[in-house]
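> Can you keep this structure in mind? I'll have questions shortly.
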Amino acid sequence: MSTMSSNVKITDLPWEHIICRKIFPCLRISTVFGLRCVSREFKALVQLYFDTLFSMNISRCSGRMTAEAFEIMTCNNYCIKVLNLSNSRNFLSNDGLVPVLRRNPLLTVINFTSCSGLSNICLQSLASECPNIKTLILRDCHWVNDDGLLSVALRCDQLVTLDLTGCWNLGNNTLKTVIGKLENLEVLSLAKIYGVTNDTITILAQTCKRLRHLNIHGCWRVTNDAIWLLGEYCSSLKLLQVKDCRDINEISLSKLRAKKVRIDVAPPVSAPNLAKLSRLSLNLQT
């Protein structure tokens with residue numbers, strides 16, 4: 001019995017259903033890469049793991065990742081649904097990413113946060129190859145321009161979450177067009193896009209009735225008028241971020257507070273009275 005036990009190896013376990021699904025996900029990517037050097041059998045096992053990943057999170061090791069390692073991880077994978085590339089500024093380029101998008105049309109979630117080595121070419125490829133994308137995070141991707149975002153809006157109308165924080169090259173007219181085509185949006189961040197105006201928020205309020213979370217931090221052109229419209233049209237709104245929006249105050253926010261919307265700006269001391277007045281006005285209207 002002891003002789004039989006001593007001959008059992010980890011590679012005797014079912015590869016795909018046990019090792020790839022239960023064991024390797026508990027290891028760091030650097031550890032998994034190290035196993036490739038153990039033997040030819042381990043190299044094949046690790047490659048099978050990479051080839052069958054549905055969710056790939058590069059953000060945990062983006063500072064140490066190389067273009068060659070990324071190619072190894074993605075070259076034979078055709079089933080990625082979730083791809084987190086956050087902070088992959090040192091190695092990621094259009095040439096390395098576009099083939100991955102072409103091979104994975106089932107992609108539904110992608111995070112490009114701070115991927116400064118990319119350009120709008122990758123957005124155009126994403127739009128044409130991955131039309132079922134539902135979550136697109138472009139936080140601090142300063143290279144995003146009007147043409148790139150429009151290509152996504154025209155093809156990817158199932159978007160539910162869109163984060164454009166810090167994409168300050170986007171024009172107000174483009175944002176109005178994009179939002180007008182994405183009626184399924186539930187989470188939207190336009191933070192630090194200084195060209196955003198009341199017109200943009202008006203289109204948002206009239207189009208995106210399922211909106212739950214809006215971030216317009218630093219959008220100083222937006223005023224109480226637009227926030228009032230949000231309260232009127234977006235009944236599902238749960239969280240509103242308006243910090244550093246100098247022309248938004250309790251005149252519009254009190255109505256949302258009365259509806260239990262969480263707001264990132266603390267109410268002034270007199271806010272309870274304003275909220276009471278807002279509730280009374282709602283009662284009178286009904």
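The values are calculated or read from the model by the stated rules, or taken from the named source; none is laboratory data. Since we're looking at a predicted model, the values are computed, not measured. Here the Cβ is made from the backbone with ideal geometry for all residues, glycine too, and neighbour counts use every protein chain on show.
> If you go through segment 159-191, how many residues are touching a Leu at 6+ places or on another chain (Cβ under 9 Å) and part of a loop (DSSP other than H, G, I, E, B)?
13
> Is there a residue in segment 193-200 that is at pLDDT below 95 and either assigned to a loop (DSSP other than H, G, I, E, B) or in contact with an Asp or Glu (Cβ under 7 Å, 6 or more places away or on another chain) (or both)?
yes
> Starting from segment 188-202, take each residue that is crowded, with 22+ Cβ neighbours inside 10 Å and list its partners that are of a type in the set (Lys, Arg) and at pLDDT 95 or above, counting only C-beta distances under 6 angstrom and pairs at least six apart or across chains.
Once the first residue is crowded, with 22+ Cβ neighbours inside 10 Å and sits in segment 188-202, its partners that are of a type in the set (Lys, Arg) and at pLDDT 95 or above give Thr200/Lys176.
> Scan segment 78-122 for residues that are assigned to a loop (DSSP other than H, G, I, E, B), surrounded by 17 or more Cβ atoms within 10 Å (Cβ to Cβ) and more than 19 Å from the chain's Cα centre (by Cα) and jot them down.
Scanning segment 78-122 gives a single hit, Phe91.
> Same structure again: May I ask you to say which residue of Glu41, Glu16, Glu68 is acidic (Asp, Glu), in a helix (DSSP H, G or I) and closer than 22 Å to Cys115 by Cα?
Details: Glu41 fails: closer than 22 Å to Cys115 by Cα; Glu16 fails: closer than 22 Å to Cys115 by Cα.
Every option except Glu68 fails the conditions.
> Considering only segment 233-246, I want to know if a residue exists there that is β-branched (Val, Ile, Thr) and not in a helix (DSSP H, G or I).
Start the filter on segment 233-246 by keeping residues that are β-branched (Val, Ile, Thr), which leaves 242.
Subset that is not in a helix (DSSP H, G or I): 242.
Looking through segment 233-246, at least one residue is β-branched (Val, Ile, Thr) and not in a helix (DSSP H, G or I).
> Is it the case, given these coordinates, that Leu211 is touching a helix residue (DSSP H, G or I) at 6+ places or on another chain (Cβ under 6 Å) and either part of a loop (DSSP other than H, G, I, E, B) or buried (at least 22 other Cβ atoms within 10 Å of the Cβ) (or both)?
No; evaluated as a whole, the condition is false for this residue.
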